[in-house]
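FYI, it's all coordinate maths here, none of it is from the lab. Everything quoted here is computed from the prediction, not taken from an experiment. Cβ coordinates were reconstructed from backbone atoms using ideal geometry, including for glycine residues, and neighbour counts include every protein chain displayed.
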Amino acid sequence: MPDMTWVTAVARLRARREAGVLVTVATVRGHAPRRAGAKLVVGPSEAWGSIGGGNIEAVAIDRARELMDASGTEPELMEFALNDKVTNQHGVQCCGGVVSVLLEPLPVVPALAVFGVGHVGLELARVMARHNIDLHLIDTRPDMLTDERLAVLSDAAAQVHVHHQPLLPEEVLEELAPGTHVLIMTHDHAEDAALADAALRTPGLGSIGLIGSSAKWARFRHRLATEGGHDAATIARIKTPIGMPEISGKEPATIAVSVAADLLLMFERAGEQDHLRAVPDAASADSAGSTPGDTSKSTYPPVADSA
């Protein structure tokens, strides 16, 4: 199996947005091939590390891939007796001990792209960064994405990807992973309109949300139909207003909490909420792309823009 630490292997799966399973020798009684704490990371087509080879490892890999196929999120504990009296699937291991192995699924986490990191966008990023998601922050204005301004995200549990796109922010849409949820809340209504049109033309996205008033949406809807050539069903993919109808405050932090609550409820209904549990801290710390500054119809109180 490839020579790679389990931390790096988990980070690689995260970067690829592939599911996996972290397999750990939990306890050992008597003689066994590896000590407690030995780890193996199983991906869809590769595995890294070792828990001792032989039947233990082969069975653990088989079960790990079954969990991936079933989108399992609950950890499992398996026990192996290492003696020649046990019928095994993959040969005999007769070290004489008993080994328990913990399988921890590493599901693909939700991904969210926020276009516009103004007052509301930054407050929303602060809330959503507390969750185990992939968070993309996009803005045309460099002063919105400075290290100093984004320092509030320095302890983020999310993997934060910052994109400064001075001319065509809609180009970022093509870089997003399938299923990424998109929120459009820039300082410029023309930019919002271009993003809404481009998002509808980008295959594979998750939900599309647009901040703004009913008057703004009426203008956008007309332009998307007449100038963009989108039919009614396509236009209906855009959710606007966004947020929770029960939260009516218009302060940026209040709006952000409203929008975040609506997102988390959507993740939960889609079966993604279980994916928000944190992966092991060491893996999170080692994951690439997590540092701010990396250049790479619910209702909502009507707000004109987020600048």
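Values for this structure:
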{"item": "Difference of contour (0.36 nm per residue) and Cα-Cα distance, residue 226 to residue 79", "result": "46.6 nm"}
{"item": "For segment 89-247, alpha-carbon Rg relative to the globular expectation (2.2 N^0.38 Å, N residues)", "result": "1.36"}
{"item": "Mean Cβ neighbour count within 10 Å, used as a protection proxy, ranking 16-27, 69-80 highest first", "result": "16-27, 69-80"}
{"item": "Rounded, prolate or oblate (a/c below 1.5 giving rounded, otherwise prolate when a/b exceeds b/c) for segment 21-87 by Cα gyration tensor", "result": "prolate"}
{"item": "FRET efficiency estimate (nearest 0.05) - Cβ-Cβ, residue 254 to residue 16, R0 35 angstrom", "result": "0.45"}
